[in-house]
Amino acid sequence: MASAWKGRTVGVWLLAVLCASVWAELDSRLDQQWEQWKTTHQKKYHNEVEELGRRALWEKNLNDVNHHNLEASLGLHTYTLAINHMSDLTEDEMFSAPMKIPEDVTPTPLNDPDVDLPASVNWKEKGYVTSVKNQELHCDSCWAFSAAGALEGLLFKKTGKLVSLSPQNLMDCSKPYGSYGCSPGRLDSAFNYVKDNGIASEASYPYEARNGDCRYNSNMQVVTCSSIKLVLPMDELSLQKRVATIGPISAAIDQREMIHYNGGVFINPNCGKELNHAVLVVGYGRDEAANLDYWLIKNSYGTGWGEQGYMKLARNKDQMCGISMYAVYPL
């Protein structure tokens, strides 16, 4: 009996040593992954306490990403997630205040109910869309990037010239119209400013990711617009018609479930309709493998987010993430 008990004791001890060794190796790999992630995204923290808190957030997000992707590999999701430059942020840091849908902009009547819509549209492939930009984490300037993108498409449609326009110009100068700097702004405010003043190129008025004084003058003007139109709210067909016939359209969405989006068609029943982020709708199509229609969206989180800065958002799925609640375009 004593010999048997001794054998079991040795076995338990060996198992404990083996488990400890495995956990030490996993911890070491996690340490390496954390250090590599910090280097890749140039993360620096004020002190050890802050770094411990940031790492805890990063580890939670890493676990969530791995769990989701495991389920995706089993066919339970149509999109994948990935750790990115926002993975150490709190929800308050990631999500700005809700955007206000304007009451003083009239939805555009649908005068083309019988328009023959193409099955897919991609304005990026047609040359209407400039390179993906990065608004940077500390600046809620998505509205300015979205508006600049719609104006870039308008300029290309009229002249055949693709010019990156200045979000910083909008941030610094459109305060009298209701939007300012790194604060959540209204898309129609940006377009109203351009209607009255024009907008500069990004080359002549570079992005600084901070609030600044207006330095624009009329000699910088690259393009202006004559009017601003609002897509019929809560009507994805209306948005589809505008994307097909006008070009890239500015739109607001609820981004809370898509911070770690990596690829595929995004459909998530938890994605709400509290609009808090502006993007550019540059097309639409259908993913036959996923059996889903989608919107093709350009974001302003850099090329390290999503599919090189783009995403496919489920279309005709009950206004997924509020996609057609507040969509605006210039003429």
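Against the set (i) -0.23, -0.40, -0.50, -1.33; (ii) -0.45, -0.66, -0.73, -1.35; (iii) -0.26, -0.43, -0.52, -1.37, the structure's computed log10 I(q)/I(0) by the Debye sum over Cα atoms at q = 0.06, 0.08, 0.09, 0.16 Å⁻¹ falls on (iii).
Show me the trypsin sites (Lys or Arg not before Pro) within segment 114-174 that DSSP assigns to loop and that have at most 14 other Cβ atoms within 10 Å of their Cβ. Those that pass, being in a loop and sparsely packed, are Lys126, Lys161. Round to a whole number: what % of the accessible area of the chain belongs to carbon and sulfur, probe 1.4 Å? Ligands and nucleic acids excluded, carbon and sulfur reach 52 percent. Rolling a 1.4 Å probe across the protein heavy atoms gives the chain an accessible surface of 49 Å² per residue. When only the Cβ of Lys, Arg, Asp and Glu is charged (+1, +1, -1, -1), the dipole of the chain relative to its Cα centre reaches about 480 debye.
The values are calculated or read from the model by the stated rules, or taken from the named source; none is laboratory data. In this text the structure is predicted, and so the values were computed from the model without any measurement. In this analysis, Cβ positions are derived from the backbone assuming ideal geometry, glycine residues included, and neighbour counts consider all displayed protein chains. SASA here: full protein model, heavy atoms, side chains in, ligands and nucleic acids out. Shrake-Rupley method; radii C 1.70, N 1.55, O 1.52, S 1.80 Å.
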